[in-house]
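**Student:** Pasting a structure below so you can have a look.
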Amino acid sequence: MEHRCLEPRALAALSALALAHVGDAVYELYVRGELASSGLYSVKELHRATVSLVCASAQAAAMEKILPVLSEEELAVYKRGRNADLHRIPHGASAVEYARATGLEALFGWLYLAGREARADELFARIAAKEEEPYGKDA
């Protein structure tokens, strides 16, 4: 399937929730790809791990990892998504977590539709990077 990038004008005309709709799928593909390539999971474990990483609280935490490296334009897209009028908050997530998760999804949807996959790859790599243990913790 051919990936069609939107013109900047068409992209700007999309609502934040439309961007989040696309970004939800894009982000989940990143997560699924990362987990599948690890080779450590059965199908049942893959599903459970995926669900735990794409829930609102996990996405809100992921957003915190990339927030410091966003450009002004990316930050504006994130804020559009975060501030969108959300009609329903799922169980198990706070309103703040859900808003941040929607912002993350809007950002990934925007990057995808703008044809900026390399930047999406870079941001997801930062999210997926394992935190280093402090020196001497095991000692």
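**Student:** Quick one: in the stretch 50-73, which of the residues that are of a type in the set (Gly, Ala, Ser) and buried (at least 18 other Cβ atoms within 10 Å of the Cβ) is nearest to Ile127 (Cα to Cα)? Walk me through it before giving the result.
**Tutor:** Residues of the stretch 50-73 of a type in the set (Gly, Ala, Ser): 52, 56-58, 60-62, 71.
Within this subset, residues satisfying the condition of being buried (at least 18 other Cβ atoms within 10 Å of the Cβ) are 56, 58, 60, 62.
On the way: Ala56: 14, Ala58: 10, Ala60: 11, Ala62: 6 Å.
For the stretch 50-73, the residue satisfying everything is Ala62.
**Student:** Separate question: Out of all the residues in the stretch 9-20, is one or more in contact with a Ser or Thr (Cβ under 6 Å, 6 or more places away or on another chain), assigned to a helix (DSSP H, G or I), buried (at least 16 other Cβ atoms within 10 Å of the Cβ) and in contact (Cβ under 8 Å) with a residue 60 or more places away in the chain?
**Tutor:** Residues of the stretch 9-20 that are in contact with a Ser or Thr (Cβ under 6 Å, 6 or more places away or on another chain), as a first pass: 20.
Those left that are additionally assigned to a helix (DSSP H, G or I): 20.
Narrowing the set further to residues that are buried (at least 16 other Cβ atoms within 10 Å of the Cβ) leaves 20.
Subset that is in contact (Cβ under 8 Å) with a residue 60 or more places away in the chain: 20.
For the stretch 9-20, residues in contact with a Ser or Thr (Cβ under 6 Å, 6 or more places away or on another chain), assigned to a helix (DSSP H, G or I), buried (at least 16 other Cβ atoms within 10 Å of the Cβ) and in contact (Cβ under 8 Å) with a residue 60 or more places away in the chain: present.
**Student:** Considering each residue of the stretch 74-119, count those that are under 15 Å from Leu11 (Cβ atoms), in a loop (DSSP other than H, G, I, E, B) and open to solvent by less than 60 Å² (accessible area, probe 1.4 Å), and give that number.
**Tutor:** 2
**Student:** Looking at Val51, Val31, can you tell me which residue is among the aliphatic types (A, V, I, L, M), in a helix (DSSP H, G or I), over 23 Å from Leu6 (Cβ atoms) and within 12 Å of the chain's Cα centre (by Cα)?
**Tutor:** Values: Val51 fails: within 12 Å of the chain's Cα centre (by Cα).
Only one candidate passes the filter, namely Val31.
**Student:** From the list Ser57, Ser42, pick out the single residue that is more than 15 Å from Gly109 (Cβ to Cβ) and free of Cβ contacts under 8 Å to residues at least 12 places away in the same chain. Walk me through how you get there before you give the answer.
**Tutor:** Numbers: Ser57 fails: free of Cβ contacts under 8 Å to residues at least 12 places away in the same chain.
Exactly one residue qualifies, and that residue is Ser42.
**Student:** On to the next question. Scanning the stretch 21-42 for residues that are polar (S, T, N, Q) and open to solvent by less than 80 Å² (accessible area, probe 1.4 Å), which turns out farthest from Ala60 (Cα to Cα)?
**Tutor:** Restricting attention to the stretch 21-42, the residues satisfying the condition of being polar (S, T, N, Q) are 37-38, 42.
Imposing the further condition that a residue be open to solvent by less than 80 Å² (accessible area, probe 1.4 Å) reduces the set to 38, 42.
Numbers: Ser38: 23, Ser42: 26 Å.
The residue in question is Ser42.
The values are calculated or read from the model by the stated rules, or taken from the named source; none is laboratory data. Every value quoted in this text rests on a predicted model; they were computed, and no experiment measured them. Every residue, glycine among them, receives a Cβ derived from its backbone with ideal geometry; neighbour counts consider all protein chains shown. To get the accessible areas, we keep the full protein, side chains included, count just its heavy atoms, and leave off ligands, DNA and RNA. Shrake-Rupley method; radii C 1.70, N 1.55, O 1.52, S 1.80 Å.
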